[in-house]
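See structure below.
The values are calculated or read from the model by the stated rules, or taken from the named source; none is laboratory data. Just so it is clear, the structure is predicted and the values come from calculations on it, not from any experiment. For neighbour counting, all protein chains shown are included, and Cβ atoms are generated from backbone atoms with ideal geometry for every residue, glycine included.
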Amino acid sequence: MRVWRVIVSVAVVGVGALVILYFFMERLERKTVRLEFNEEPAVVDTSDNWRVEDLPERWPEFFNDSLAALGEELFATRGCRVCHTVGGGDLVGPDLANLRKRATYRWSLLMLLKPDSMQQYDSTARRLLKEYGVQMPNQKLTPQEAEAILHYVLKGGRNQNSNSSGR
Ligand code: HEC
C-alpha cells in the first residue's frame, strides 16, 4: 500500500514538472518583443527571421523608383488594392495617401507585417479595427516587400499632390 502511494505521488509530481517545463520552453520559443506604441505596449511575435529593432523608425526622405515599381506590383498581387487606395478614398480600409503624416515608418511596416499582432496589442490599430469593422489579414510579406509597398505609398501620395489626373 505504502509503496503504491509513493509511486503515485512521484508520478504526479513528475507530470506536473513536465507540464511546467513545457510551458516555460514554449515561452522561450516564441520570441516576442515589447514595444511602446502610444500609451500601450505592443507585443510582436518576431519568430520569423526579422527583428523589430531592424525596422527603420523614420520614413525615407525620397522614394526609390524601382522599389516603388515593385511595391505597385505587390499592392495589386497581394490583395491590398481590394481594400485600399493611395489617394482614391477609403474602400474597405483607409486611404493610404496620408499614411506618412499619421504614422511612423516602423509602425506602418509592422502594420503590413503583423496586422494580427497590431490589432491585438496596438491601441491605434485597435481603434482602426473598431472604426472600419474589418480585420486586415496578414498577407505574409517579407520586410523587403513591405518596404517596397511603402515606397509605392510614398510615391502615390506625392503624385496626388502634383498631378490631379493621377488615380
Ligand atoms: C480585407 C481587406 C484588407 C486587405 C486585403 C488589406 N487591408 Fe490594410 N487594412 C484593412 C482595414 C479594414 C484596416 C483598418 C484596421 C484593421 O483592420 O486592422 C487596414 C489598415 C491598414 C493600414 C493602417 C492604415 C492607417 O490608416 O493607419 C495599412 C498601412 C494597411 N492596411 C496597408 C495594407 C497593405 C499594404 C495591404 C496589402 C499587403 C493591405 N493593407 C491589405 C483592410 C485590408
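Each residue in the range 116-140 was checked for being crowded, with 17+ Cβ neighbours inside 10 Å, near the ligand (Cβ under 6 Å from one of its atoms) and assigned to a loop (DSSP other than H, G, I, E, B), and 1 pass.
The number of residues in the range 141-153 that are at pLDDT below 90 and within 7 Å of the ligand (Cβ to nearest atom) comes to 0.
Scanning the range 95-115 for residues that are in contact with a Ser or Thr (Cβ under 9 Å, 6 or more places away or on another chain), part of a loop (DSSP other than H, G, I, E, B) and without any contact (Cβ under 8 Å) to a residue 60 or more places away in the chain turns up Asp95, Ala103.
Checking Glu40, Glu61 one by one, the residue that is modelled with pLDDT under 90 and either exposed (fewer than 14 other Cβ atoms within 10 Å of the Cβ) or on the phi > 0 side of the Ramachandran plot (or both) is Glu40 and no other.
If the condition is being near the ligand (Cβ under 8 Å from one of its atoms) and basic (Lys, Arg), then the range 88-102 contributes only Arg102.
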